[in-house]
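Some notes on the structure that comes next.
The values are calculated or read from the model by the stated rules, or taken from the named source; none is laboratory data. All figures in this text were calculated on a predicted structure; none of them were measured in a lab. Cβ placement follows ideal geometry from the backbone for every residue including glycine, while neighbour counts extend to all protein chains displayed.
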Amino acid sequence: RLQAAGPVAAEGSVLTFPGELPDSYWSLSREGVIRILPQDDAVTLPQVVPPVTVALTDRWGRWLAVGDGEGLKVYRLSLRPTFVGQERKLKLRVGSPQVSQARDVRLLSVGGDGAPAVVGVQGGTTFLWQGTGEALEAKTLAPREGQAAAVSEAGDRVWLATDRELSVWDGNGTLLATAPLPAAVTAMSLLLGDSTCLVGDGQGTVRAFGLYQEASGFLLEPFAFFPGPGPVLGLAPSPRTKAFAVLRPGLIQVDYLTSGKVLAQRAVPEAARAGLAFSPRGERLFVAETSGRIHVLTADLGHPEATLGTLFGKVRYEGYRHASWTWQSTGGSNAFEPKLSLVPLIFGSFKGAFYAMLFSAPLGFLAALYTSQFAPLRLRQWVKPMVELLAGVPSVVVGFVAALVLAPWLSRHLASVMLALLVIPVTLLTAGWLCELRPRPWQLRVQQRWERLFTLGLLAVALVLVWFLAPAVEQLLFPGGLLEFLHSKLGVSYDQRNALVTGFALGFAVLPVIFTLAEDALSNVPESLVNAALSLGASRARAAWTVVVPAAAPGLVAALLLGFGRAVGETMIVLMASGNAPVLSFSPFSGMRTMAACIAVELPEAAYGETLYRVLLLVALLLFAFTLATNLLGQRVARSLRRRFGVTP
């Protein structure tokens with residue numbers, strides 16, 4: 001929202017600019033005197049020759065370009081903090097000018113880092129003046145009059161709007177790219193970070209242009225549009241976010257680039273059309289009238305980075321050619337824009353849980369079925385407590401082993417593991433099929449332990465063959481190796497810490513939950529039902545599959561859902577073994593970031609009350625809501641299955 005903080009009188013000034021401290025500003029008179037208010041300090045520009053006819057400063061308040069009786073001068077401005085008792089004040093320091101003899105210059109923009117860069121129009125030609133020592137060297141940008149311009153903070157890019165054309169030049173005066181404009185430009189400014197140029201025209205539309213580097217050169221194109229009532233009189237980018245203020249006749253409107261939302265609107269006097277600027281901290285908005293009178297507005301923009309669209313929808317960010325779901329909360333500069341899409345985190349949570357269940361659910365259910373229906377009592381009394389003890393292994397230990405031992409080993413023996421995942425089920429099915437081929441009298445005569453020994457022996461032989469034959473099979477099917485084949489032929493990159501490693505480690509943690517609940521459900525099926533099936537001639541396996549499993553279905557569904565919820569909420573294993581890359585790829589060889597891991601990583605660095613802090617609280621709420629929904633769904637499905645199979649609770 002925008003609220004009026006009261007007008008400030010600055011009549012007779014050539015230029016007015018917000019100060020660093022709250023409610024402070026400075027103004028430049030025609031005599032070349034800078035007056036800082038409300039401190040009422042005054043600094044006279046060195047070597048100035050009154051009257052000062054034109055003046056312009058960059059949006060950071062570091063350079064001041066003036067046109068006086070001698071020509072064009074550029075001053076370096078800096079602030080030095082001082083204290084009077086407990087009161088903090090800022091002392092303005094003005095450096096020696098860099099001078100050009102150019103007269104009657106219409107200033108368009110000033111910027112630069114170590115040396116100033118000034119864009120202006122003289123005699124119908126647009127020039128770029130650059131500081132070299134104590135002088136300003138002029139370069140011709142366009143042989144026609146520019147309407148508006150913007151210079152980057154580093155001075156290496158110049159954006160120039162002429163008659164129905166927008167062009168971008170480098171610091172040496174070389175043209176990089178051009179783009180057509182549908183209407184005459186009335187205002188121009190660069191957003192924070194200097195990657196986006198805002199261009200306002202007389203038809204009331206603000207266009208956001210981006211410069212993209214391609215193999216054939218640079219491409220300049222618009223990617224966002226902000227229409228409004230009345231022509232655009234001024235543009236002011238926020239020094240903290242990707243928000244910007246638009247001045248129209250009688251109206252100030254604050255928009256946000258990424259979401260396209262209008263953050264605030266405020267009516268202003270019709271005479272307020274001479275200037276528009278944010279304070280250096282972004283909490284004040286200054287609007288100047290032609291008489292020099294200033295209107296000050298307090299700007300409370302909230303958290304524009306986080307909306308339903310940016311959290312859950314595809315967003316086209318600066319520097320991106322296409323809209324995407326992206327999570328990147330921090331960057332390397334103050335100009336970085338946080339990208340807070342929750343879709344990669346939700347996707348990563350379900351992806352990790354899916355691969356964990358792919359490993360643990362079949363193993364847990366089959367182990368529970370064998371233990372409850374086929375294993376002898378002595379083996380059952382030993383297996384179940386041992387599996388339940390696995391639940392007591394700290395998840396940080398499992399994640400540590402997965403990250404430092406399993407992940408490197410799996411990358412070296414990927415072909416062997418993939419072949420083993422194919423051979424193990426085939427071997428077990430073959431062993432069962434061979435056992436069922438025996439005549440019925442033999443099945444009754446042979447003890448179950450010999451069947452177990454036969455199955456384990458066959459499985460051991462198969463694994464030994466896989467271990468020794470896998471390298472030869474890999475070279476035969478994938479010359480150069482499986483990883484090279486995935487990268488070159490399929491375009492699939494292999495991350496050492498990936499979903500496959502996470503699935504094995506997370507499945508190990510989930511397995512005790514699934515096994516215990518499933519074994520309890522299967523063991524609680526009345527023995528009379530099994531005996532009835534056996535008396536009708538069914539084998540033990542057929543009785544287990546057709547009688548015991550349907551009767552225990554409610555408990556099996558509960559085991560599956562509780563295991564899935566446990567996998568989604570796991571933190572330490574996925575934090576250490578998944579790579580924590582918030583990418584939208586279902587490949588088992590790529591990493592991921594889950595909601596729980598994101599909270600653990602980001603929350604210690606999130607400032608209290610800021611946007612990231614609030615978004616992480618929303619992530620925690622979503623995680624809790626999913627867990628609750630999973631439990632409720634499990635109960636509903638269990639009740640439905642009980643009614644279907646006639647099982648009493």
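For the reader, a short list of remarks on this structure follows.
- Checking each residue in region 387-399 for being under 15 Å from V513 (Cβ atoms) and in a helix (DSSP H, G or I) picks out V387, E388, L389, L390, A391, G392, S395, V398.
- Test: residue in region 32-43 that is of a type in the set (A, V, I, L, M, F, W, C), modelled with pLDDT of 75 or more, touching a Leu at 6+ places or on another chain (Cβ under 7 Å) and within 13 Å of D68 (Cα to Cα): no
- Matching residues in region 103-123 - criterion: being at pLDDT below 90 and over 40 Å from the mean Cα position of the chain (by Cα): R103, D104, G123
- For region 573-599, the set of residues classified as more than 17 Å from P408 (Cα to Cα), of a type in the set (G, A, S) and assigned to a loop (DSSP other than H, G, I, E, B) consists of A581, S585, S587, listed by residue number.
- Looking across L612, L618, L633, L560, one residue alone is on the phi < 0 side of the Ramachandran plot, crowded, with 21+ Cβ neighbours inside 10 Å, touching a helix residue (DSSP H, G or I) at 6+ places or on another chain (Cβ under 8 Å) and among the hydrophobic types (A, V, I, L, M, F, W, C). It is L560.
- If only residues of region 320-329 that are more than 17 Å from A606 (Cα to Cα) and small (G, A, S) are counted, the one that is surrounded by the fewest Cβ atoms within 10 Å (Cβ to Cβ) is A323.
For every residue, the table says whether it meets (1) surrounded by fewer than 21 Cβ atoms within 10 Å (Cβ to Cβ); (2) over 25 Å from L421 (Cβ atoms).
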| site | (1), (2) |
| --- | --- |
| A470 | yes, no |
| L476 | yes, no |
| F485 | yes, no |
| Y494 | yes, no |
| G507 | no, no |
| A521 | no, yes |
| N524 | yes, yes |
| A533 | yes, yes |
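- For the condition of a type outside the set (A, V, I, L, M) and surrounded by fewer than 15 Cβ atoms within 10 Å (Cβ to Cβ), R593 does not qualify.
- Of the residues making up region 68-98, those that are closer than 16 Å to G112 by Cβ and part of a strand (DSSP E or B) are L72, K73, V74, Y75, R76, L77, S78, Q98.
- Among residues of region 513-524 that are part of a helix (DSSP H, G or I), those with a Cβ under 7 angstrom from a residue that is of a type in the set (S, T, Y) and buried (at least 24 other Cβ atoms within 10 Å of the Cβ), sequence gap 6+ or separate chain, pair up as I514/S360.
Condition check ((1) outside the structural domain of L28 (by TED's automatic domain parsing); (2) at pLDDT below 90; (3) surrounded by fewer than 18 Cβ atoms within 10 Å (Cβ to Cβ); (4) touching an Asp or Glu at 6+ places or on another chain (Cβ under 6 Å)) across all residues:
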{"site": "V287", "(1), (2), (3), (4)": "yes, yes, no, no"}
{"site": "R293", "(1), (2), (3), (4)": "yes, yes, no, no"}
{"site": "G331", "(1), (2), (3), (4)": "yes, yes, yes, no"}
{"site": "K351", "(1), (2), (3), (4)": "yes, no, no, no"}
{"site": "F365", "(1), (2), (3), (4)": "yes, no, no, no"}
{"site": "F374", "(1), (2), (3), (4)": "yes, yes, yes, no"}
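- Top-ranked residue in region 603-649 [being within 19 Å of E305 (Cα to Cα) and aromatic (F, W, Y); ranked as modelled with the lowest pLDDT]: Y608
- Residue-level check: of (1) at pLDDT 80 or above; (2) not in a loop (DSSP other than H, G, I, E, B), G457 misses just (1).
- Residue within region 364-381 that is in a loop (DSSP other than H, G, I, E, B), more than 30 Å from G313 (Cβ to Cβ) and of a type in the set (A, V, I, L, M, F, W, C) present: yes
- Boolean, S167 is at pLDDT 90 or above and hydroxyl-bearing (S, T, Y): yes
- For region 214-227, taking the residues that are modelled with pLDDT under 90 and not polar (S, T, N, Q), the one that is surrounded by the fewest Cβ atoms within 10 Å (Cβ to Cβ) is identified as A215.
- Matching option when the condition is part of a loop (DSSP other than H, G, I, E, B) and of a type in the set (G, A, S), among A264, A187, A224, A272: A272
- Of the residues making up region 275-304, those that are touching a Gly at 6+ places or on another chain (Cβ under 8 Å), farther than 20 Å from N334 by Cα and in a loop (DSSP other than H, G, I, E, B) number 1.
- Odd one out for Y256 among (1) among the hydroxyl-bearing types (S, T, Y); (2) surrounded by fewer than 19 Cβ atoms within 10 Å (Cβ to Cβ); (3) without any contact (Cβ under 8 Å) to a residue 60 or more places away in the chain: (2)
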